[in-house]
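I have placed the structure first, in the form of structure tokens, so that the comments after it can refer back to it.
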Amino acid sequence: MRDYLLKVGGKEVGGGLFRGEGWEVEVRKMPPARIGSLAIGRVWMTVRARDKTTFDALYARLEPMLWRGGG
């Protein structure tokens, strides 16, 4: 997640907080989801944007990265 947020123009502030032009994202690690012996890492993101246009632009850039499979 860190790399994704940096790639879209964010700066790491610390403590899981990233800031970009008109937005900030707080990232917190969550316990993994478990399906049998498979463990899938998870994070919780809180996104704040100055307006809907800024949010939509950020989401459009992050969405393709968030939907890709791990590996």
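The values are calculated or read from the model by the stated rules, or taken from the named source; none is laboratory data. From a predicted model like this one, the values you see are computed outputs, not experimental measurements.
Of the conditions (1) among the hydrophobic types (A, V, I, L, M, F, W, C); (2) more than 21 Å from ASP3 (Cα to Cα); (3) at pLDDT 95 or above, ALA57 fails just one. Which one is it?
(2)
Looking only at segment 38-53, which residues are among the small types (Gly, Ala, Ser) and either at pLDDT 95 or above or within 18 Å of the chain's Cα centre (by Cα) (or both)? Lay out the reasoning, then the answer.
Applying the first criterion (among the small types (Gly, Ala, Ser)) to segment 38-53 yields 39, 41, 49.
Those that are among the small types (Gly, Ala, Ser) and either at pLDDT 95 or above or within 18 Å of the chain's Cα centre (by Cα) (or both): GLY41, ALA49.
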